[in-house]
Structure formats: C-alpha cells, structure tokens
Amino acid sequence: MGVVDLGLKDKEWLVGGKMTYADICLVPWFFWAKRIGGDEWYAEQVSELPNFQKWWNKIIEVPKIKEFCAGIAQFDPSYVPKDVLDRLNNKTA
C-alpha cells in the first residue's frame, strides 16, 4: 500500500493519467488484504497514505470493480492459513 501511495504522488491513476490494468490488477490484492486483516487493521495501514486512500475510494466506485468486489466478497476467508494472518499482522517476517 505504501509503494502504491508513493506511485500515486501527484497522480490520480498509476500509469498514463487514466485507469489502466496497472490499477485494476491491484484491486483483488488490496480487497483481500482488507477483508482478511479486518477494518481496524486496514484503517491503521492506510491512515498515513492519503494518495492510496483517494485512489482506493475512487477505484472501488467504478461500476465493474464494485460488481467484482461484491462477487468475491461472498467467499469465506476463514480458510486463510495462520501464517498468512500472522504476516498481515507483522507477527512474523
């Protein structure tokens, strides 16, 4: 998220001044990170990333992206291995 925030400095989208595959391909990763980590974890992660927050809030309102997120939200993340959750919570390297 931090790298994306830096990449968005003074830009609305990552590449070429418009939404591209570079933006779209990151949606599932950040969507699942938020879903698995939880709202509190997510809020802490993005609290000092204004460029990322602005970009995320914009991209998830794109109708097809919104539809995609609604579809994958139906899957249960409870199968996520403990070591993955620990990495998300910085409990392991």
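The values are calculated or read from the model by the stated rules, or taken from the named source; none is laboratory data. The structure presented is a predicted model; accordingly, all values stated were derived computationally and were not measured. Here Cβ is always computed from backbone atoms with ideal geometry, including for glycine, and neighbour counts include all displayed protein chains. We work out accessible area using only protein heavy atoms, side chains counted, and drop any ligands, DNA or RNA first. Shrake-Rupley method; radii C 1.70, N 1.55, O 1.52, S 1.80 Å.
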Practice prompt. Give the stretch 1-54 a look and list any residue that's open to solvent by less than 50 Å² (accessible area, probe 1.4 Å), of a type in the set (S, T, Y) and assigned to a loop (DSSP other than H, G, I, E, B), or say none.
Written response: T20
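For the stretch 55-88, give me each residue that is closer than 25 Å to E12 by Cβ, touching a residue at least 40 places away in the same chain (Cβ under 8 Å) and part of a helix (DSSP H, G or I). Give the derivation first.
Within the stretch 55-88, the subset closer than 25 Å to E12 by Cβ is 55-70, 72.
If we keep only those that are touching a residue at least 40 places away in the same chain (Cβ under 8 Å) as well, we get 55, 58-59, 62, 65, 68-69, 72.
Once the filter is applied, which keeps residues that are closer than 25 Å to E12 by Cβ, touching a residue at least 40 places away in the same chain (Cβ under 8 Å) and part of a helix (DSSP H, G or I), the stretch 55-88 yields W55, K58, I59, I65, F68, C69, I72.
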Item to complete: Pairs only if they're at least six apart or on different chains, beta carbon under 7 angstrom, first in the stretch 3-21 and among the acidic types (D, E), second outside any loop (DSSP other than H, G, I, E, B) and surrounded by 10 or more Cβ atoms within 10 Å (Cβ to Cβ); list them, first residue then second.
Response: D5/N51; D5/F52
Worksheet entry | Pairs where the first residue, in the stretch 29-46, is free of Cβ contacts under 8 Å to residues at least 40 places away in the same chain and the second is not in a helix (DSSP H, G or I), C-beta under 8 Å, 6+ apart | F30/M1
